[in-house]
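The values are calculated or read from the model by the stated rules, or taken from the named source; none is laboratory data. All of these numbers come straight from a predicted model, not from anything done at the bench. Glycine also receives a Cβ, built like all others from the backbone with ideal geometry; neighbour counts cover every protein chain displayed.
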Amino acid sequence: MQRTVKSLEELLDQVEVNETMIISLSHLVALLQKPKGPFKGLEFYGSQSEANDKNTVPNSTVSVRLPREVDVGSDNTIAFCLLTWPEGNGVREFN
């Protein structure tokens with residue numbers, strides 16, 4: 001798992017983001033945003049299948065608010081990733 005997260009981190013570092021990019025795969029939802037001009041804050045929502053920085057999403061499981069005081073700067077990219085486990089891959093009990 002740690003190697004997978006590291007690979008994901010390296011991949012996201014290589015993606016060029018100009019404004020907002022939303023990625024949705026089978027067990028990953030990501031929202032990447034590069035602020036234009038001074039950072040005015042950011043609010044976004046996510047579910048197991050989508051993310052959005054404009055509107056709430058159906059079955060939203062997370063909402064995030066970054067106030068302008070965070071001041072991420074215009075050279076940085078904000079990355080939000082939500083990973084979900086496939087059904088049936090829970091913790092296995094041993095007797």
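The set of residues from segment 12-34 being crowded, with 16+ Cβ neighbours inside 10 Å and polar (S, T, N, Q) comprises Thr20, Gln33.
Somewhere in segment 83-94, is a residue among the hydrophobic types (A, V, I, L, M, F, W, C), at pLDDT below 90 and assigned to a strand (DSSP E or B)? There is at least one residue in segment 83-94 that is among the hydrophobic types (A, V, I, L, M, F, W, C), at pLDDT below 90 and assigned to a strand (DSSP E or B).
Determine whether Leu12 is closer than 23 Å to Trp85 by Cα and either touching a residue at least 24 places away in the same chain (Cβ under 8 Å) or small (Gly, Ala, Ser) (or both). When the stated conditions are applied, Leu12 passes them.
Could you tell me whether Thr4 is at pLDDT below 85 and of a type in the set (Ser, Thr, Tyr)? Yes: the conditions hold for Thr4.
Taken over segment 39-60, residues that are closer than 12 Å to Thr20 by Cβ and assigned to a strand (DSSP E or B) amount to 4.
For segment 12-22, which residues satisfy the criterion of being within 13 Å of the chain's Cα centre (by Cα) and of a type in the set (A, V, I, L, M, F, W, C)? Matches in segment 12-22: Leu12, Met21, Ile22.
If I ask for residues that are small (Gly, Ala, Ser), touching a Phe, Trp or Tyr at 6+ places or on another chain (Cβ under 9 Å) and surrounded by 14 or more Cβ atoms within 10 Å (Cβ to Cβ), which ones from segment 41-68 would you list? Before you say what the answer is, go through the steps one by one.
Initially, segment 41-68 is screened for residues small (Gly, Ala, Ser), giving 41, 46-47, 49, 51, 60, 63.
Cutting the leftovers down to touching a Phe, Trp or Tyr at 6+ places or on another chain (Cβ under 9 Å) gives us 46, 51, 60, 63.
Selection gives Gly46, Ala51, Ser60.
Each residue in segment 40-58 was checked for being among the hydrophobic types (A, V, I, L, M, F, W, C) and touching a helix residue (DSSP H, G or I) at 6+ places or on another chain (Cβ under 6 Å), and 0 of them qualify. Residues of segment 18-38 that are assigned to a strand (DSSP E or B) and of a type in the set (Ser, Thr, Tyr): Thr20, Ser24.
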